1. Between their Cα atoms, which of 85/208; 129/200; 163/188; 74/188; 85/190 are more than 21 Å away from each other?
2. In nm, to one decimal, how far is the modelled label at residue 65 from the one at residue 79, with both set 7 Å along Cα→Cβ?
3. Under 16 Å between alpha carbons, and skipping anything fewer than 8 positions from residue 97 in its own chain: which lysines qualify?
4. To two decimal places, what compactness ratio does segment 28-216 give when its Cα radius of gyration is scaled by 2.2 N^0.38 Å?
Amino acid sequence: MRIYLVVLICLVVKYTAYSAPYSEHEKSIRSVFNEYFNGMHHGHGESIVSLISTDSLVMYDKYAELAILADKEKLLAENIVTITKVIKFRFLIPSNKISTMNGKDLFVFAANNKHQQTAVLIPVIPKIKSINVSRESAVATYTKNDSSSSLPMYFLIEEGIWKIHLTPFLDKASSFLEIQRVSNKFSKDKFAFHLLSGEKQLNFRPDKTLWLPASDHSLIKP
C-alpha cells in the first residue's frame, strides 16, 4: 500500500511539473492573441508589429523588395500569396512612398488598411477554441463572428516570448490557392488580379504602371 502511495504521489508531482508550464504558455498565447486582434480591430498596426515573429517580418521585407523592384518575372516566380500581396501594395501605396518602406512599415500599413476594410465585419475579438503547445511552437484554433468554422493561428517562442508566426498560415493558404489556380487554368498574374478584384472595398483595377520600378516615382493607384 505504501509503495502504491509513493508511486501515486510521484505521478502527481510529475504531471503537475509537466502541465504547469503549458498552462502558463497558454495564458501567454491568449494574451498575445487578444492583443493582436484588438490592435487589428482598432487599426493600431504600430502597437502590434512587436508581436510578430522575426521570420514573418523578414517575409514582409521580401514583399517590400519585390514591390520596389516591380520585376514581373521575379515576382511571378513566387507563390500566389506573395504575388497577390505585392500587387496589392503596389496598387494601394504610391511608389514614391513604398520606395522608402521596409517590412515593418508594410505590416503596419497592411494591419491598418485591413482595419479600414473589415472593422464592420469584425465587431469582436475572435474566440480561441483550443491551444496545442509543442515545445517552442504552438497552434491556436479560433472562430470569429460566431462562425462554426475554425481557423489556425501559429505561434513560436523568440527569446522566451511568444510571437505570432504568420509564415505557416500563408504557406498553407498559398498551397490551397495554387490548386484553385491550376484547376481554373489561370496564369499567376491573372489569378492574383482575379483575387484582388473580388475585394469589393479595394476597387482593384490593373494599371500599366504596375510593373514600373518604384524608383520611377509613378503613382500606382489611379
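The numbers here are math on the coordinates, done by the rules we state, and not lab data. Bear in mind the structure is a predicted one, so any value in this text is a computation, not a measurement. Backbone-built Cβ (ideal geometry, glycine too); neighbour counts: all protein chains shown.
1. Details: 85/208 18 Å; 129/200 30 Å; 163/188 31 Å; 74/188 12 Å; 85/190 14 Å.
Over 21 Å Cα-Cα: 129/200; 163/188.
2. Roughly 1.7 nm, to one decimal.
3. 88, 221
4. Taking N as the residue count of segment 28-216, the ratio is 1.05.
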